[in-house]
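Each value in this text was obtained by applying a stated rule to the coordinates, not by laboratory testing. Nothing here was measured: the structure is a model prediction, and the numbers come from that model. Note: ideal-geometry Cβ built from the backbone for every residue, glycine included; neighbour counts use all protein chains shown.
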């Protein structure tokens, strides 16, 4: 949202000091285009982490051909996901046009939950790797025992 100063004719005196309004100014309207929720758009840097959570084999994930953005497309038969490079067009706060790389009707993964799961997995791996350090055990505890 952006603040805008507007001058209005108030000959009838219906507008009073302190009143406010919300308005939408359409600067472009695209009809009949392929568009995805912004939450479905991933970056090249996220590919390995998100692909792992979605069960995509790491051997099939390559950033070499991706310039800007990817989506994770679900196969309608197997329900498995694949990474797909896309070219983005115009967008707003909710959706973005995909000008190439995606067909109408293809299903894409929404990534907020996938990112959360990937971050959780990374944190768990870090905690497990630290469990071998002296003083950190995987058995919990930590309080003083009696009688020492």
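Table for the structure above
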read-out: Span from the region 76-126 Cα centroid across to the region 2-16 one, whole angstrom; value: 43
read-out: Distance cut-off 18 Å, percentage of C-alpha pairs in region 1-50 lying past it; value: 64
read-out: D (Stokes-Einstein, µm²/s), Kirkwood Cα radius, region 35-130, 1.567 mPa s at 4 °C; value: 92
read-out: Most to least packed among 110-120, 74-84, 9-19 [average Cβ atoms within 10 Å]; value: 110-120, 74-84, 9-19
read-out: Cβ crowding within 10 Å averaged over residues, with 123-130, 44-51 ranked highest first; value: 44-51, 123-130
